[in-house]
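First the structure, in the form of structure tokens, and then the observations on it.
The values are calculated or read from the model by the stated rules, or taken from the named source; none is laboratory data. Note that this is a predicted model, so its numbers are computed, not measured. Neighbour counts run over all protein chains shown; Cβ positions are idealised from the backbone, glycine included.
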Amino acid sequence: MGGAVRDALLGLAVKDRDWVVVGATPQTLLAQGFLPVGKDFPVFLHPQTHEEYALARTERKTAPGYHGFTVHAAPGVTLEEDLARRDLTINAIAVSADAVRADGTFDPGSPAMIDPFGGRRDLGRKLLRHVTPAFREDPVRILRVARLAARFSDFTVAPGTLQLMREMVQSGEADHLVPERVWQELARGLMERTPSRMFEALRDCGALARLLPEVNQLWGVPQRAEHHPEIDTGRHLMLVLDMCARLDASLPVRVACLFHDLGKGSTPAQLLPRHLGHEERSAKMLQGICKRLRLPAECRELADVVAREHGNIHRSGELGAAALVRLLERCDAFRKPQRLREVLLACECDARGRLGLAETPYPQGPRLLAALSAAQAVATQTIAENAMATGARGEKIGELIHRARVEAVQASLSSALPS
């Protein structure tokens, strides 16, 4: 059903299959050993394969938002009626269980293919098109379409579907999306191969201004002249996110890149075009987003470091040993060296997400990692023990360790200079 059939027809690997059962009741499946898992509608797990089996159902809108539905599942509900409640035609294709081989594959030309809404045709046309006007009843579908646009970068959103998405935003339906679901879909879209397309689709229908107004306001904000003034900050952000995908960055890195330049959208006119102080503004705005969307701690913490320090990291090639050690300390690199690597990857994505710079090396990363390695080699335990033997405590010991790290980094920098 749905995505499994779609991916098989596209020649993609099928990860999960789900099944629709027609003409049955919950008691029928329970008697065969199926395990119930659905809270809002009857979904069961197969006793051996653990694949999902859902009773054919219809839905009726009863209230705004994602949960505002009454579900009707009964033996009389047909497969076509069940498919009619799907979001997109390419997800409303089914194949009879009899035509599925033991390994889960099937013949794409099989007459057992059920496609009442032209999903296969839309696959060929590379079109994301809604099944029926009932699409407008579920605001999560706005996010799903945007996510699929990021996954299938050569597909376009049908004009009629985009218009429905705009109407859903204008009517306030999108305002009923719960934070957990917004984050879930955004996270999945960020991990697709062209994440920029998700945000472009959300922006085209007006949803980005409702869900992430801090990001939406980056469009129209000029970049610094020494970067690429021919495109604005919003477009730069899209290049950065796609660079994240190209470099196979983790989700926390992609989240950090999404939010690292928020402060540029609120730059006072007198501070343009250099966006002075935008790092602190970005970090402050990030706090509000993290609270609103309830971001995981690893994403929140990495994004905060990148928002505050990316400018200093970009300029770190000009810094001496003392400034480099202070930068490492602010990044908490001595306690969390692996996180520093992710911070540096986010900064590399930012630097290479510029026109003409996609293939440019980012020497700041290796230089900072070399500085960290040199500083980590300092025998801090020995320094602390020797200091305590002379009566030194707390802050004084910290100063001695800091000084030793600076000396170690200075020696490392000196040895790296050409002779």
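What do you reckon, is Gly172 of a type in the set (Gly, Ala, Ser) and without any contact (Cβ under 8 Å) to a residue 60 or more places away in the chain?
On the way: of a type in the set (Gly, Ala, Ser): yes; without any contact (Cβ under 8 Å) to a residue 60 or more places away in the chain: no.
Here the answer is no, as Gly172 does not meet what is asked.
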Original post:
Any idea which residue in the stretch 186-200 is nearest to the chain's Cα centre (by Cα), counting only those that are crowded, with 21+ Cβ neighbours inside 10 Å and not in a loop (DSSP other than H, G, I, E, B)?
Top reply: Leu190
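Of all residues being part of a strand (DSSP E or B) and within 31 Å of the chain's Cα centre (by Cα) in the stretch 71-109, which is modelled with the lowest pLDDT? Just the residue, please.
First, the residues of the stretch 71-109 that are part of a strand (DSSP E or B): 71-73, 88, 94-95.
Among the residues that remain, those that are also within 31 Å of the chain's Cα centre (by Cα) are: 71, 88, 94.
Values: Val71: 74, Leu88: 96, Ala94: 91.
Once the filter is applied, the top-ranked residue is Val71.
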Original post:
Checking Leu30 against (1) in a helix (DSSP H, G or I); (2) in contact with a His (Cβ under 6 Å, 6 or more places away or on another chain), which single condition isn't satisfied?
Top reply: (2)
Subject >> Those residues of the stretch 122-139 which are farther than 22 Å from Ala94 by Cα and assigned to a helix (DSSP H, G or I), in sequence order >> reply: Arg136, Glu137
**OP:** Among the numbered conditions (1) farther than 21 Å from Met243 by Cα; (2) in contact with a helix residue (DSSP H, G or I) (Cβ under 9 Å, 6 or more places away or on another chain), tell me where Glu298 comes up short.
**Re:** (1)
Original post:
So is Gly277 modelled with pLDDT under 95 and either touching a strand residue (DSSP E or B) at 6+ places or on another chain (Cβ under 6 Å) or crowded, with 20+ Cβ neighbours inside 10 Å (or both) or not?
Top reply: no
**OP:** Would you point out the residue of the stretch 110-132, among those that are out of contact with any helix residue (DSSP H, G or I) (no Cβ under 7 Å at 6 or more places or on another chain) and not hydrophobic (A, V, I, L, M, F, W, C), that is surrounded by the most Cβ atoms within 10 Å (Cβ to Cβ)?
**Re:** Asp115
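Going by the conditions given, is Ala321 under 24 Å from Asp248 (Cα atoms), of a type outside the set (Phe, Trp, Tyr), at pLDDT 95 or above and more than 23 Å from the chain's Cα centre (by Cα)? Before the answer, list the steps.
On the way: under 24 Å from Asp248 (Cα atoms): no; of a type outside the set (Phe, Trp, Tyr): yes; at pLDDT 95 or above: yes; more than 23 Å from the chain's Cα centre (by Cα): yes.
So Ala321 fails the test.
Inspect the stretch 240-261 for any residue being at pLDDT below 95 and within 23 Å of Ala297 (Cβ to Cβ) and give the result as yes or no.
Checked against the condition, which is being at pLDDT below 95 and within 23 Å of Ala297 (Cβ to Cβ), the stretch 240-261 yields at least one hit.
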Subject >> Top-ranked residue of the stretch 150-163 - restricted to ones that are touching a strand residue (DSSP E or B) at 6+ places or on another chain (Cβ under 6 Å) and of a type in the set (A, V, I, L, M, F, W, C), ranked as surrounded by the fewest Cβ atoms within 10 Å (Cβ to Cβ) >> reply: Ala158
Original post:
Restricting attention to the stretch 294-307, does a residue exist that is in a helix (DSSP H, G or I), small (Gly, Ala, Ser) and touching a residue at least 40 places away in the same chain (Cβ under 8 Å)?
Top reply: yes
